[in-house]
Amino acid sequence: MKWSIRELLNPVVTRSMLYGSDPFDTEYVLKRVDEIDVMSGKKIQAVWLGEWEKKITHYAELRDQNEAKGNRISARAYAKMVAQCWYACYMVNIQDLEQKVSIYNNLAESYRKYTELCDNKIEYVEIDTAFGKLPAYIHYPDDGSKESYPIAITYSGIGSCKEELDMLAMPLNERGVAVITPDMPGTGGAVIWNNVKCGGDELEAAFDGIYKFIENRSELDSSRIANFGLCMGGGYAIRATAKNPDVKCCVALFPLMICYCKLDSVPIWMKKGKWTSYQTNDDYMETMNVLSEGTLSSDFFLVHSDYDNWMTHEANDILYSKATGYKERLEVTERPAYVSEETIMHAMPVGEQFHWVKHITADFIAQRLTGETK
């Protein structure tokens, strides 16, 4: 082998750190992985999960102790750490569905606990669609008492969840924008709790349901909406904007659209397997072409990477050409750090560049929804 066992976890590491997993905790767990002397997927999984669960136990105890003492700031910080650790566990491609579901439920519960300790209002809601309910959160920039808020809709792709979208909500909340973070079809609680699998029809229904939900919430200003997505969610944001041309803007961060994707670069375990099949319906590949329909008249911001081996530069050219109005493009040229020739994939540039790109895109959205910069 040319690469170490830990390099097999590069996609998992970048996704985990994208959500905020502590780099020192991550390195500690990786060192335990380095001690494995046999190239065994089951052994790597067992060590990864086992070491993170030890940290979960530690941080949960600190969370509860500090909450009992009235140390709300510390309790909130530890609560977020617990959720981040569970997220690191959730990122592993576990084929034992019962175990995968259990890990997600722990992630969802720990995140719910975190939201209860936040100073701003984070409200759990359920969005009706033709195929079932989408669990979601509304992240308000304050206590939620204002009569009207501009609203950004964030979108998650396969393998993600609404808890992960906290990272998209935070920079927008800081700029006075409320944010909806739904579990899209095939993700998180939508598929695990409500059996809403991913497919073109389900996604179209999700877009319709989300917009109807906003119209029925008086405090959410339906005249000031942005679509904002990461990875597959970036493709969703583009399609949602094509369906709703009155939105103020669309931002797609490292978008991934199956119909433009180099499928031979996608690992086989992401195309087949129990967990993949659990998330998608039978005609998933055929119906996802619907995302390519339409054009965008709203302001558009596209971010992509030269090192994304799933979405080529030419594929992103196609997405950029769909915007007929004002548009900007940011091409990230840095080579990812967590990469080897054997393990490079879409997740690396996405995970490594978000920490600085998010401020550029959040300003782009806030300027169009609030008319202000902060």
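Counting only helices (runs of 4 or more DSSP H) wholly contained in region 284-374, the ones carrying 1 or more residues that are at pLDDT 95 or above and β-branched (V, I, T) occupy 347-369.
From the list S218, S156, S222, which residue is touching a helix residue (DSSP H, G or I) at 6+ places or on another chain (Cβ under 6 Å) and open to solvent by 30 Å² or more (accessible area, probe 1.4 Å)? Of the residues listed, the single one that is touching a helix residue (DSSP H, G or I) at 6+ places or on another chain (Cβ under 6 Å) and open to solvent by 30 Å² or more (accessible area, probe 1.4 Å) is S222.
State whether the residues of region 43-54 include one that is over 20 Å from L107 (Cα atoms), over 25 Å from the mean Cα position of the chain (by Cα) and hydrophobic (A, V, I, L, M, F, W, C). The answer is no; no qualifying residue exists. Of the residues making up region 121-152, those that are under 21 Å from the mean Cα position of the chain (by Cα) and aromatic (F, W, Y) are Y124, Y137, Y140. Screening A88, A75, A60, A68 for residues that are touching a Ser or Thr at 6+ places or on another chain (Cβ under 6 Å) and closer than 23 Å to C118 by Cα leaves exactly one candidate, A88. Do we have any residue at all in region 169-187 that's acidic (D, E), touching a Cys at 6+ places or on another chain (Cβ under 7 Å) and open to solvent by less than 10 Å² (accessible area, probe 1.4 Å)? Taking every residue of region 169-187 in turn, at least one turns out to be acidic (D, E), touching a Cys at 6+ places or on another chain (Cβ under 7 Å) and open to solvent by less than 10 Å² (accessible area, probe 1.4 Å). Scanning region 167-184 for residues that are modelled with pLDDT of 95 or more and farther than 16 Å from E126 by Cα turns up A169, M170, P171, L172, N173, E174, R175, G176, V177, A178. When residues in region 71-91 are screened for being surrounded by fewer than 22 Cβ atoms within 10 Å (Cβ to Cβ) and not in a helix (DSSP H, G or I), 1 of them pass.
Each row is one residue, and each column tells you yes or no for (1) within 30 Å of N106 (Cβ to Cβ); (2) of a type in the set (A, V, I, L, M, F, W, C); (3) touching a residue at least 12 places away in the same chain (Cβ under 8 Å).
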| site | (1), (2), (3) |
| --- | --- |
| G189 | yes, no, yes |
| R239 | no, no, yes |
| C261 | no, yes, yes |
| D283 | no, no, yes |
| N289 | no, no, yes |
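If you go through region 188-208 and keep only what is surrounded by fewer than 24 Cβ atoms within 10 Å (Cβ to Cβ) and over 17 Å from the mean Cα position of the chain (by Cα), you end up with W193, N194, N195, G199, G200, D201, E204, A205, D208.
Restricting K54, K43, K31 to residues that are of a type in the set (K, R), surrounded by fewer than 16 Cβ atoms within 10 Å (Cβ to Cβ), at pLDDT 95 or above and in a helix (DSSP H, G or I) narrows the list to K54. Against the condition open to solvent by 30 Å² or more (accessible area, probe 1.4 Å), within 28 Å of G229 (Cα to Cα) and not in a helix (DSSP H, G or I), how does E109 come out, does it pass? Considered against the rule, which asks whether it is open to solvent by 30 Å² or more (accessible area, probe 1.4 Å), within 28 Å of G229 (Cα to Cα) and not in a helix (DSSP H, G or I), E109 comes out as no. Taken over region 167-222, residues that are of a type in the set (S, T, N, Q) and within 29 Å of T14 (Cα to Cα) amount to 5.
The values are calculated or read from the model by the stated rules, or taken from the named source; none is laboratory data. From a predicted model like this one, the values you see are computed outputs, not experimental measurements. With ideal geometry, Cβ positions are generated from the backbone for all residues, glycine too; neighbour counts draw on all protein chains shown. Side chains included, ligands, DNA and RNA excluded: accessible areas come from the protein's heavy atoms. Shrake-Rupley method; radii C 1.70, N 1.55, O 1.52, S 1.80 Å.
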